[in-house]
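A short write-up of the structure that comes next.
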Amino acid sequence: MIRFIKRKSTGVMAEIFNTITPEEMQITGNKMLVAANIADLMESKGWTPAQFAEKFPKTEDEILQWLEGQTDFDIDTLTQISLVLGVDIQRLFAPVKDTKPKKNKRMSNKKLVLAE
Amino acid sequence: MDFDIVEMADYSGEKAHVYSVVPEGCDKTLLEQFVEDNIEYGSDVKNIQKKLYQMGHYYGFRRYFFKHNEGSLGDGMAVLKSGQLRLYCLYFDNTVVFFGSGGYKPPEIHAYQEDAKLNAKAQQMRQIAQKINEAVKNKDIVIENDGSLTINNWDYD
């Protein structure tokens, strides 16, 4: 029988995690925030990454890289993106809306095997 | 390959559940092994950990944060990238991802199949993905709306 365990990370993974500063975490968070906003705005226009890429022009791979959330955007690029999307630049930093998870029907009430 | 499922409590949050697996006979998850095996790519390893935390707590597993279609069509295999580092996973939706292992993708190759080490990690994740997909299909694992799991009696084949 499979076991399900919920626990914190251990070993090197935990050690590295503990070295992450609040500033480093915030920088990553902000990059992901901008990427999530760009993706949401792109989708709200009904554009695929390939169609969005044509507006600049960029390649689809370049757009997908932006949307992965690790690009260090400069002001020139953010301005260009906001113009293509038809929004003010600050809209790219707005809090993101929740995305909806898919619906799964609960099929059973059998007990979870939990090990700590 | 038999395994248990582990939820990484320090990465899971309000928005998403970060899962990995512990192969039978091991005490570390594949995600923990991935970090240890790739410690030489320190900044990328750290970046992936930061991304996992941010997704778990603030953004969920938005589809575009991942590169998809890394395995067979429709099997849900995806990859989380930082630089040349690749972390293979089984993507279900914005609340549930099972993370396996991965490694460094040399810039001169196009597909992971061209690198023996990376290919082995991807194939390992494919095997795990296949078992988890089957278990979900058979309702042995039920993914709830909030991304939590209910695991019923699941005997390995």
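Filtered by the rule that a residue be surrounded by 15 or more Cβ atoms within 10 Å (Cβ to Cβ), more than 9 Å from chain B (Cβ to nearest Cβ) and β-branched (Val, Ile, Thr), segment A:12-37 gives a lone residue, A:34. Being in contact with a Ser or Thr (Cβ under 6 Å, 6 or more places away or on another chain), farther than 17 Å from residue B:121 by Cα and small (Gly, Ala, Ser) is a property that residue B:74 lacks.
Among residues of segment B:39-60 being at the interface with chain A (Cβ under 9 Å from one of its Cβ atoms) and in contact with a strand residue (DSSP E or B) (Cβ under 8 Å, 6 or more places away or on another chain), the one that is surrounded by the most Cβ atoms within 10 Å (Cβ to Cβ) is B:55.
Only one of the numbered conditions (1) within 12 Å of another protein chain (Cβ to nearest Cβ); (2) farther than 19 Å from residue B:48 by Cα; (3) not basic (Lys, Arg) is not met by residue B:111, and that is (1). Evaluating residue B:88 against the criteria (1) within 14 Å of chain A (Cβ to nearest Cβ); (2) touching a strand residue (DSSP E or B) at 6+ places or on another chain (Cβ under 8 Å); (3) without any contact (Cβ under 8 Å) to a residue 40 or more places away in the chain; (4) not small (Gly, Ala, Ser) leaves one unmet condition, (1). Taking segment B:1-38 as the range and being in contact with a strand residue (DSSP E or B) (Cβ under 6 Å, 6 or more places away or on another chain), part of a helix (DSSP H, G or I) and either facing another protein chain (nearest Cβ under 7 Å) or under 14 Å from residue B:97 (Cα atoms) (or both) as the test, the residues that pass are B:30, B:31.
The selection criterion, being under 18 Å from residue A:16 (Cβ atoms) and more than 8 Å from chain A (Cβ to nearest Cβ), does not hold for residue B:75.
Does residue B:70 qualify as being at pLDDT below 95 and of a type in the set (Asp, Glu)? It is true that residue B:70 is at pLDDT below 95 and of a type in the set (Asp, Glu). May I ask you to list the residues in segment A:75-94 that are closer than 22 Å to residue B:58 by Cα and free of Cβ contacts under 8 Å to residues at least 24 places away in the same chain? Once the filter is applied, which keeps residues that are closer than 22 Å to residue B:58 by Cα and free of Cβ contacts under 8 Å to residues at least 24 places away in the same chain, segment A:75-94 yields A:89, A:90. All conditions but one from (1) within 14 Å of chain A (Cβ to nearest Cβ); (2) out of contact with any strand residue (DSSP E or B) (no Cβ under 7 Å at 6 or more places or on another chain) apply to residue B:98; the one that does not is (2). Taken as a whole, segment B:128-138 holds at least one residue that is without any contact (Cβ under 8 Å) to a residue 24 or more places away in the chain, in a loop (DSSP other than H, G, I, E, B) and under 26 Å from residue B:24 (Cβ atoms). Considering (1) in a loop (DSSP other than H, G, I, E, B); (2) more than 9 Å from every other protein chain (Cβ to nearest Cβ), the lone condition that residue A:9 does not fulfil carries the number (2).
The values are calculated or read from the model by the stated rules, or taken from the named source; none is laboratory data. Model, not experiment: these values are computed from the prediction. Reconstructed Cβ throughout: ideal geometry from the backbone, glycine too, with neighbour counts over all protein chains shown.
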